[in-house]
Amino acid sequence: DTEVTQTPKHLVMGMTNKKSLKCEQHMGHRAMYWYKQKAKKPPELMFVYSYEKLSINESVPSRFSPECPNSSLLNLHLHALQPEDSALYLCASSDYPDRAPYEQYFGPGTRLTVT
Amino acid sequence: AQSVTQPDIHITVSEGASLELRCNYSYGATPYLFWYVQSPGQGLQLLLKYFSGDTLVQGIKGFEAEFKRSQSSFNLRKPSVHWSDAAEYFCAVGPKEEYGNKLVFGAGTILRVKS
């Protein structure tokens, strides 16, 4: 089973709201990723968790706050977002990030609209 | 810096015709290579990957790709396109430790299938 699940599928939030995106995988993978994808563009890496520790932060604004409660779960906490943050947010996971090569498996994404 | 080029932004093919999507990369050494497909509003699905060995790799949905070191290319092919193949296709390279353990995506090619 190569499934990564994400909830919610769609999210509309105001600029003063606080919300969270959730991602889950049950493949035993030890790395999880958040990507942001704008329309007609490739995904852009935001964060990487490797063995439940934050290993890469691509200079993402602090209004995005990732959390990895355990090896199967990844959250992205959102607050005080801007309309330009509207995008498709993709979660991915991969096996043994310190033993390349490995492939990343993506979830279906959360379509976020900031009003 | 490493980069991935997909020269064709859009490609239109007739149903039943053959397909080739181009991908060129710029790396110091042989990277790990991937093709992903994304239907509108969906996540990315891994079609195939090349790590080493046989330079012609088979993937899902009848796709194949050929790694050509001399041309720094990893082109995706399908002998007979189906209407359901209409989607956006991303070539990606990495991750390797020397490149920050990140996937680097091309800009994507949108495939349209006409009946």
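The values are calculated or read from the model by the stated rules, or taken from the named source; none is laboratory data. Just so it is clear, the model here is predicted, and its values are computed rather than measured. Don't worry about glycine lacking a Cβ; one is built from the backbone with ideal geometry, like all the others, and counts go over all protein chains shown. With ligands, DNA and RNA removed, areas are computed over all heavy atoms of the protein, side chains included. Shrake-Rupley method; radii C 1.70, N 1.55, O 1.52, S 1.80 Å.
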- Note on the structure: Here the residues within segment A:28-54 that are surrounded by fewer than 14 Cβ atoms within 10 Å (Cβ to Cβ) and of a type outside the set (Lys, Arg) are A:GLY28, A:ALA39, A:TYR51, A:LEU54
- Qualifying positions in segment A:98-115 - more than 13 Å from A:MET27 (Cβ to Cβ), within 7 Å of chain B (Cβ to nearest Cβ) and at pLDDT below 95: A:ALA100, A:PRO101
- Taking strands (runs of 3 or more DSSP E) that do not extend beyond segment B:1-63, which have at least 1 residues that are away from chain A (no Cβ under 14 Å)? B:10-14, B:19-21, B:24-26, B:56-58
- Note on the structure: Within segment B:3-30, the residues that are modelled with pLDDT of 95 or more, open to solvent by less than 60 Å² (accessible area, probe 1.4 Å) and in contact with a strand residue (DSSP E or B) (Cβ under 7 Å, 6 or more places away or on another chain) are B:GLN6, B:ASP8, B:ILE11, B:VAL13, B:SER14, B:LEU19, B:LEU21, B:CYS23, B:ASN24
- Message: Condition (residue is open to solvent by 20 Å² or more (accessible area, probe 1.4 Å), touching a strand residue (DSSP E or B) at 6+ places or on another chain (Cβ under 6 Å) and of a type in the set (Ser, Thr, Tyr)) applied to segment A:77-88: is it met by at least one residue?
- Response: yes
- Can A:LEU21 be described as open to solvent by 20 Å² or more (accessible area, probe 1.4 Å), assigned to a strand (DSSP E or B) and of a type in the set (A, V, I, L, M, F, W, C)? no
- Go through (1) part of a strand (DSSP E or B); (2) in contact with a helix residue (DSSP H, G or I) (Cβ under 9 Å, 6 or more places away or on another chain); (3) free of Cβ contacts under 8 Å to residues at least 12 places away in the same chain and name the single condition A:LYS36 misses. (3)
